[in-house]
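Okay, structure first, notes after.
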Amino acid sequence: MVSIIDYDAGNIKSVEKAVEYLGKSAVITRDRDEILASESVILPGVGSFGDAMNKLNEYKLVNTIYDVADKGIPFLGICLGLQLLYESSEESPGVSGLGIMKGKILRIPDAPGLKIPHMGWNSLKVKDGATLFQGITSDPYVYFVHSYYLKADNENEVAATTEYSVKIHASVEKDNIFACQFHPEKSSSVGLAILDNFIKVPRGSK
């Protein structure tokens, strides 16, 4: 069973459908016991950093997510779900993120000919051996929708990058924690392969 954390952040049903297409049962939930009993956990999300953290706190999900991380349950943050793993974001000054990962969430700089938000397909440069990208062809194209991006403190945790006005850390991996700035559930066969690689990561992989 894959738990998809429900905190009113949108884009949840498409993740559920993608997981079920891959032959795995999925449940949209904010129940602590259900989440901690899962084989893996996904935190999707679109919206603002500050509103999302308010909802995670309101639904008492912050400590549940910490316990997922501590217990070695495979965890995947998608889009806003990636950003929430970090300590703060320029989008919502003064709001503390989860702080599970170390780095900065910054606004994509303006550049001639580029629109913000970054919306559409872009290619990735993938690090050799990255778990989420096993069996995927080099320089895969995936779908992005975001105005803020990750600059991770530790380059060793960066699994894939892309370029859009600036170098963007598009995917990270650390122990049982995985995250993608792009939307695998909207990235056609490549995205499904990424999700499939994630749900095959065993519990206790920390």
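Only residues that are in a loop (DSSP other than H, G, I, E, B), open to solvent by less than 30 Å² (accessible area, probe 1.4 Å) and among the aliphatic types (A, V, I, L, M): list them for region 7-25, please.
ALA9
Name the one entry in ILE105, ILE4, ILE42, ILE28 that is open to solvent by 40 Å² or more (accessible area, probe 1.4 Å), part of a strand (DSSP E or B) and at pLDDT 95 or above.
Values: ILE105 fails: open to solvent by 40 Å² or more (accessible area, probe 1.4 Å); ILE4 fails: open to solvent by 40 Å² or more (accessible area, probe 1.4 Å); ILE42 fails: open to solvent by 40 Å² or more (accessible area, probe 1.4 Å).
Selected residue: ILE28, the only one of ILE105, ILE4, ILE42, ILE28 that is open to solvent by 40 Å² or more (accessible area, probe 1.4 Å), part of a strand (DSSP E or B) and at pLDDT 95 or above.
Taking the stated definitions as given, is PHE144 at pLDDT 95 or above, open to solvent by less than 10 Å² (accessible area, probe 1.4 Å) and not in a loop (DSSP other than H, G, I, E, B)? Walk me through how you get there before you give the answer.
Details: at pLDDT 95 or above: yes; open to solvent by less than 10 Å² (accessible area, probe 1.4 Å): yes; not in a loop (DSSP other than H, G, I, E, B): yes.
Here the answer is yes, as PHE144 does meet what is asked.
Name every residue in region 133-163 that is touching a Leu at 6+ places or on another chain (Cβ under 7 Å) and within 16 Å of GLU90 (Cβ to Cβ), in order of residue number.
Selection gives TYR148, TYR149, LEU150, LYS151.
Taking LYS151 as meeting all but one of (1) on the phi > 0 side of the Ramachandran plot; (2) open to solvent by 50 Å² or more (accessible area, probe 1.4 Å); (3) of a type outside the set (Phe, Trp, Tyr); (4) in a strand (DSSP E or B), write down the number of the exception.
Single failed check for LYS151: (1).
Looking at region 168-185, which of the residues that are outside any loop (DSSP other than H, G, I, E, B) and open to solvent by 20 Å² or more (accessible area, probe 1.4 Å) is nearest to GLY113 (Cα to Cα)?
Within region 168-185, the subset outside any loop (DSSP other than H, G, I, E, B) is 168-174, 177-180, 184-185.
Subsequent filtering for residues that are open to solvent by 20 Å² or more (accessible area, probe 1.4 Å) retains 173-174, 185.
Numbers: GLU173: 32, LYS174: 35, GLU185: 28 Å.
In this case the residue turns out to be GLU185.
Taking the conditions exactly as written (open to solvent by 70 Å² or more (accessible area, probe 1.4 Å) and not acidic (Asp, Glu)), does PRO117 satisfy them or not? If you could, list the steps in order and put the result at the bottom.
Values: open to solvent by 70 Å² or more (accessible area, probe 1.4 Å): no; not acidic (Asp, Glu): yes.
In short, no.
Go through region 57-73 and report how many residues are in contact (Cβ under 8 Å) with a residue 60 or more places away in the chain, in contact with a Lys or Arg (Cβ under 7 Å, 6 or more places away or on another chain) and surrounded by 18 or more Cβ atoms within 10 Å (Cβ to Cβ).
Selection size over region 57-73: 1.
Is it the case, given these coordinates, that GLU91 is open to solvent by 30 Å² or more (accessible area, probe 1.4 Å), without any contact (Cβ under 8 Å) to a residue 24 or more places away in the chain and either more than 27 Å from ASP33 (Cα to Cα) or among the acidic types (Asp, Glu) (or both)? Lay out the reasoning, then the answer.
On the way: open to solvent by 30 Å² or more (accessible area, probe 1.4 Å): yes; without any contact (Cβ under 8 Å) to a residue 24 or more places away in the chain: no; either more than 27 Å from ASP33 (Cα to Cα) or among the acidic types (Asp, Glu) (or both): yes.
Against the criterion (open to solvent by 30 Å² or more (accessible area, probe 1.4 Å), without any contact (Cβ under 8 Å) to a residue 24 or more places away in the chain and either more than 27 Å from ASP33 (Cα to Cα) or among the acidic types (Asp, Glu) (or both)), GLU91 does not qualify.
In this structure, is SER165 among the hydroxyl-bearing types (Ser, Thr, Tyr), closer than 16 Å to CYS79 by Cα and either free of Cβ contacts under 8 Å to residues at least 60 places away in the same chain or open to solvent by 40 Å² or more (accessible area, probe 1.4 Å) (or both)?
Details: among the hydroxyl-bearing types (Ser, Thr, Tyr): yes; closer than 16 Å to CYS79 by Cα: no; either free of Cβ contacts under 8 Å to residues at least 60 places away in the same chain or open to solvent by 40 Å² or more (accessible area, probe 1.4 Å) (or both): yes.
For SER165, the condition - among the hydroxyl-bearing types (Ser, Thr, Tyr), closer than 16 Å to CYS79 by Cα and either free of Cβ contacts under 8 Å to residues at least 60 places away in the same chain or open to solvent by 40 Å² or more (accessible area, probe 1.4 Å) (or both) - is not met.
The values are calculated or read from the model by the stated rules, or taken from the named source; none is laboratory data. Computed from a prediction, not measured in an experiment: that's the story for all the values here. For neighbour counting, all protein chains shown are included, and Cβ atoms are generated from backbone atoms with ideal geometry for every residue, glycine included. Side chains included, ligands, DNA and RNA excluded: accessible areas come from the protein's heavy atoms. Shrake-Rupley method; radii C 1.70, N 1.55, O 1.52, S 1.80 Å.
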